[in-house]
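Undergrad: My questions will all concern the structure given below.
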Amino acid sequence: MAAIDALAKLLADEIKSPTKHAVYAESLIGSIIAGLLNIPTEREERAGGRLTQAQINKLVSHIDALGDYRMSVADMAAVVGLSESWFASVFKQTMGITPLQWQLAKRVELTKKLLGESDLPVASIAAQLGFADQAHLTKVFRQIVGETPAAWRRMRQFRQS
């Protein structure tokens, strides 16, 4: 805060009796604002960078609006206004998984919803959610949930009856 106070005194003196070009006062104002905003340096961002809740909400809303849940990392980064490499890094730091793993998990959650609320065949659900085929959905579902979609559906139906 001492630096901001010093800048404010310089600005007040310059406004009282101008001795320099107007750019000088403007640069003092910019420096004061930057100091008040406490904008971290790039190195500080990289050391502990995380996505803000607002960025996460914006990304989730964008993906939900698409319905298909298939975006490249570059597209996801553009939604929140970050470079692709920086986004991938802070996303993993924030969420604990890569952006693509996160997207797959969201698609599996939607698969569970469709399995529980409809009688659609697993192959139809796979096609609807953009999986290459039923085998691809089954492989991903098993990795995340621990069982196949068909077994998950049977167990859920058994519990409800």
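Undergrad: Once label points are set 7 Å from the Cα along Cα→Cβ at both residue 79 and residue 52, what is their separation, rounded to one decimal in nm?
TA: Using points 7 Å along Cα→Cβ, the separation is 1.7 nm.
Undergrad: Between residue 132 and residue 147, 0.36 nm times their residue separation minus their Cα-Cα distance comes to what? It would help to have the intermediate numbers written out before the result.
TA: Details: separation 15, 0.36 × 15 = 5.40 nm, distance 1.89 nm.
That pair, residue 132 and residue 147, stretches by 3.5 nm at full extension.
Undergrad: Would you mind classifying the stretch 52-111 by shape? Square roots of the alpha carbon gyration tensor eigenvalues, ordered a ≥ b ≥ c; an a/c under 1.5 is rounded, otherwise it is prolate if a/b is larger than b/c and oblate if not. Walk me through the numbers before you get to the answer.
TA: Details: a/c = 1.63, a/b = 1.36, b/c = 1.20.
Judged from the Cα gyration tensor, the stretch 52-111 comes out prolate (a/c at least 1.5, a/b above b/c).
Undergrad: Taking R0 as 30 Å, what FRET efficiency do you get between residue 89 and residue 3 from their Cβ-Cβ distance, rounded to the nearest 0.05?
TA: 0.50
Undergrad: I've got another one for you. Can you tell me how the chain classifies by the Cα gyration tensor, rounded, prolate or oblate, using a/c under 1.5 as the rounded cut? List each step's numbers first, then the result.
TA: Details: a/c = 4.09, a/b = 3.88, b/c = 1.05.
Because a/c hits 1.5 or more and a/b exceeds b/c, the chain counts as prolate.
Undergrad: Per DSSP H run of at least 4 residues, take -39500 (n - 2.57); add these up for the chain, divide by its residues and hand me the 222 nm value, nearest 500 deg cm²/dmol. Before the final figure, lay out each step's value.
TA: Values: 10 runs with 122 residues, N = 161.
About -23500 deg cm²/dmol.
Undergrad: How much accessible area per residue does the chain have, counting only protein heavy atoms and a probe of 1.4 Å, in square angstrom?
TA: Value returned for the chain: 64 Å² of accessible area per residue.
Undergrad: Would you work out the relative contact order for the chain, in percent, from Cα pairs under 8 angstrom that are 6 or more residues apart? Please report the intermediate quantities before stating the final value.
TA: On the way: 102 pairs, mean separation 21.3, N = 161.
Contact order relative to length: 13 percent.
Undergrad: Pick out which of 121, 99, 18 has the largest mean-square fluctuation in a Gaussian network model of the chain, springs linking Cα atoms closer than 10 Å.
TA: So, out of 121, 99, 18, the one fluctuating most is 18.
Undergrad: Heavy atoms only, probe 1.4 Å: what % of the accessible area of the chain goes to carbon and sulfur, would you let me know? Working shown, then result.
TA: Numbers: 5790 of 10320 Å².
C and S atoms contribute 56 percent here.
The values are calculated or read from the model by the stated rules, or taken from the named source; none is laboratory data. None of these values were measured; they are calculated from a predicted model. Every residue, glycine among them, receives a Cβ derived from its backbone with ideal geometry; neighbour counts consider all protein chains shown. Ligands, DNA and RNA are excluded from the accessible area calculation, which covers all protein heavy atoms including side chains. Shrake-Rupley method; radii C 1.70, N 1.55, O 1.52, S 1.80 Å.
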